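All remarks here apply to the structure that follows.
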Amino acid sequence: MTKDGIRLRCGKSISVDQETLIDKVLSNLIAAQTEIKLAMALDTGGQVISFKGERSSIDLVGLGALVAADLAASQEIAKMADVYQENQVIIRQGSKMNTIIHEVGREMILMAMISSSVPLGWFNYLVRQAARQIDGILQMSLHKAEDIVVLSSPNSLVDDFSAALDDIWKG
């Protein structure tokens, strides 16, 4: 990281303001669902941009590389099967933990892990919303960081949940 931000392996850069907003999105994701063990934003080369949650003995560099490789392999499988779409999602269900790896545009990945006691649909919804927010942050080339509003703060969780249910029922 430089004083001007982070240079990604893909050749693009993230400003300090963008990095701060991405940190806030991850913090809000953890606050919205306290059973999230960790949330991580990284570039498609595996470089960790932001990490929130329990680190314990996790090797972040190794985990970032494996997450990026996992997404790249899944993208290639989808392309070979002629079913690739933008913003692919990988969901891993386990007996104790569930993991979601969400493609964010062409340069970033959002990965989150949560206890399997939390409904997977709700967890997927929260991760998808966070991925959209990060994508919006990455798109802000002409806007100042102060102009971007990060949603899903802990105070609006009930409102977000109600809106999500309304969207489901309205089709």
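Considered as a group, the residues in the stretch 27-46 that are among the polar types (S, T, N, Q) and either part of a loop (DSSP other than H, G, I, E, B) or in contact with a Ser or Thr (Cβ under 7 Å, 6 or more places away or on another chain) (or both) include one that is most open to solvent (accessible area, probe 1.4 Å), and that residue is Thr34. Here Ser57 meets each of (1) farther than 16 Å from Ile134 by Cβ; (2) more than 14 Å from the chain's Cα centre (by Cα); (3) surrounded by 13 or more Cβ atoms within 10 Å (Cβ to Cβ); (4) not charged (D, E, K, R) with one exception, condition (3). Is it the case that Met80 is in contact (Cβ under 8 Å) with a residue 60 or more places away in the chain and open to solvent by 40 Å² or more (accessible area, probe 1.4 Å)? Against the criterion (in contact (Cβ under 8 Å) with a residue 60 or more places away in the chain and open to solvent by 40 Å² or more (accessible area, probe 1.4 Å)), Met80 does not qualify. Residues in the stretch 65-94 that are within 22 Å of Ser115 (Cβ to Cβ) and not β-branched (Val, Ile, Thr): Leu66, Asp70, Arg92, Gln93, Gly94.
I need a count of the residues in the stretch 31-63 that are among the charged types (D, E, K, R) and without any contact (Cβ under 8 Å) to a residue 40 or more places away in the chain. Total satisfying the criteria: 4. The selection criterion, being modelled with pLDDT of 90 or more, of a type outside the set (Gly, Ala, Ser) and buried (at least 16 other Cβ atoms within 10 Å of the Cβ), holds for Lys24. Within the stretch 96-115, residues that are basic (Lys, Arg) reach partners that are surrounded by fewer than 21 Cβ atoms within 10 Å (Cβ to Cβ) and part of a strand (DSSP E or B) with beta carbons closer than 8 Å, at six or more positions or on different chains, in the pairs Lys96/Ser115.
When the residues of the stretch 61-77 are narrowed to those that are open to solvent by 40 Å² or more (accessible area, probe 1.4 Å) and out of contact with any strand residue (DSSP E or B) (no Cβ under 8 Å at 6 or more places or on another chain), which ends up nearest to Gly46 (Cα to Cα)? The qualifying residue nearest to Gly46 (Cα to Cα) is Ala65.
The values are calculated or read from the model by the stated rules, or taken from the named source; none is laboratory data. All figures in this text were calculated on a predicted structure; none of them were measured in a lab. We place every Cβ from the backbone using ideal geometry, glycine too, and count neighbours over all the protein chains shown. In case anyone asks, the SASA skips ligands and DNA or RNA and just uses the protein heavy atoms, side chains included. Shrake-Rupley method; radii C 1.70, N 1.55, O 1.52, S 1.80 Å.
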